[in-house]
Structure formats: structure tokens, C-alpha cells
Amino acid sequence: MDRINRNLTQKIKEQLRPAVRWLEKSWLSVPCYFILNLYFVIRVRLLGRARIAVADIQNVEANVTFIYKSFNRQKMAKRLYKTIKSYYPNASIIIADDSEKPLVIPGADIIHLPFNSGLSKGLIAALDKVKTEYVMRMDDDELLTPRSSVHDQLKFLQTHSEVDLCAIQLSTKSEASAEMYNQIKMNKKLIIPAGTVIDGRVVVYKAANCFLVRTAKLRQVGYDPNIRMIDHHEFFYRAAGVIVSVNDPHAYVFHCHNRFDREYHKYRHDTEADSAYIRLKHRGR
């Protein structure tokens, strides 16, 4: 039944895609942008707050640094910072910002980079400043929810030394999202076979682009500064066989991606150079 529902949802999305693309290019994109943004605000409020034990909060604050890259989405970057602090008030947060108008958040640790430096360079700069044993890597259009459970992901990694990275989903339909990633294969041998279940989490080649990871292992894989935007698949391709990644199918962040943000997508969709570089880099593999 779940598979039938997923297939039906996918068909509906495919049928609606032309209409959405038309809206993105029309004058209606402006009101659509504000309506969608209002939906995000209301949805976050309806999700409520999580009740987290004091010991779990302190464990995250002592051992995890949250990092993310900000670009021309000031409200979202500030909203993410605020939600992290609402769950883990004393957590370390490092933001790499290459916006046209520099991001300003009083008291925040912000690395200001040249305009449009790119995602990879921003993450490299943020990672260089991390001093904790673990890193929570996020994007500026994501928000923590009561089901994100960063503290549970941390306890999982502290308990399972054989695992290096624990990913959570970008959708409230977390089980379906996790299953999609569980099916991805690559032409590389993993340290632990894909599909292995470890304490309810599944070993994968590639996971969602929001994860808690051991800092030393993230530095070992690193980010390619020559890739400005589309680093997701490339990162997990390099990570496969080097670190062990798992998916938590029950945890998720709220992904506030606004398809009608024309100014942002003008840069976000500028990926031809990245694609050409990646094809050349992996030619013959």
C-alpha cells in the first residue's frame, strides 16, 4: 500500500511540474514566494517544540558544532540559527556566508567570504574552525524539528564506533525519503555492506545532505573547492569506502526550499561548470 501511495504521489508531482515551472517564470512567482514562505512559518509553529533531557542537551552542546553555508537567504539563515539555539542554547554554530549583502546575526560566528564563492569553499572554511568531535552539517533552508533528534544521533555515534556519519531526512515523510536513498548504488566497495541494519539505521552509499558526522572523518573526505554548488553526490561518492554512513528513517528536518525565489535560483542553477568538472574528474572510473 505504501509503495502504491508513493507511486501515485510521484505521478501527481510529474503532472504538476509543468504548471509549477510556468508559475516560476510568470509574475505570479512573487505572490507564490510569499505564500510558500508563510506556509513554512506556520508549519514550523505547528510542529511545536521537543522536550529534551538536560543531559542530552549538554551532550550536544559539548560535542557538536553546527555548520552551514548561507547565500542570499537572510531570513532563512537567521531562522535556522534561532531554531538551533532554541533546542541547544549553548551549541557552537559556524556560518559561512557569501551573500551579496553580508549576513548579520548578533553574537553569531559568521565567516564572510567573497560574493558567490560557492558551497564547497564555504563548508571548507567553516570546517576549518570546528573544535568539537562531531559536526552537524545543514543547509540554510532547513530547520530542526522535534523529530530531528540530533541528541539521539549523537548518542548513536558515541555508542557505535564502527559508524562515522548518521543522516536524517529532509521530509516529514522520512521513511519514504530514507527508502529512496537506501536503493542508491555506486561502483565502490563499502566498509560495511549497504543495507546492513545497525540499531534501526541502514548503511547506505548516499544519504540526505543533512547529517551528523565525526569531525576527523569529515575532514578526511573533505570538500572539493572546484565544485561550487552540486557537491551532494560527489561528496558521498568520495566518502563511499572511506567512512561508514547510515540513514535514520525516523528523523527529519523541515526543508524550507522556496521554488519561487528567482534571485537565489539564478545562482543555484548555474551548474554547467560544476557538471563539466565532475565529468572530467571521474572520467574512466
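The values are calculated or read from the model by the stated rules, or taken from the named source; none is laboratory data. Values in this document were obtained by computation on a predicted structure and should not be read as measured data. With ideal geometry, Cβ positions are generated from the backbone for all residues, glycine too; neighbour counts draw on all protein chains shown.
Restricted to the range 185-207, and to residues there that are exposed (fewer than 14 other Cβ atoms within 10 Å of the Cβ) and aliphatic (A, V, I, L, M), the residue that is farthest from C166 (Cα to Cα) is I192.
Summed over the range 161-186, the residues that are over 19 Å from the mean Cα position of the chain (by Cα) and part of a helix (DSSP H, G or I) give a count of 0. In this structure, N182 does not qualify as polar (S, T, N, Q) and within 27 Å of K78 (Cα to Cα). The residue pairs whose first member lies in the range 167-182 and is touching a residue at least 60 places away in the same chain (Cβ under 8 Å) and closer than 19 Å to D141 by Cα, whose second member is in a helix (DSSP H, G or I) and among the small types (G, A, S), and whose beta carbons are closer than 6 Å, counting only pairs six or more residues apart or on different chains, are Q169/S177; Q169/A178; S171/S177. Checked against the criteria, K189 counts as more than 18 Å from the chain's Cα centre (by Cα) and at pLDDT 90 or above. Restricting the range 154-166 to residues that are touching a Lys or Arg at 6+ places or on another chain (Cβ under 9 Å) and under 26 Å from R79 (Cα atoms) leaves a set whose member that is surrounded by the fewest Cβ atoms within 10 Å (Cβ to Cβ) is L165. Just one of the listed residues (L154, L123) is under 14 Å from I93 (Cα atoms), touching a Phe, Trp or Tyr at 6+ places or on another chain (Cβ under 8 Å) and in a helix (DSSP H, G or I), and it is L123.
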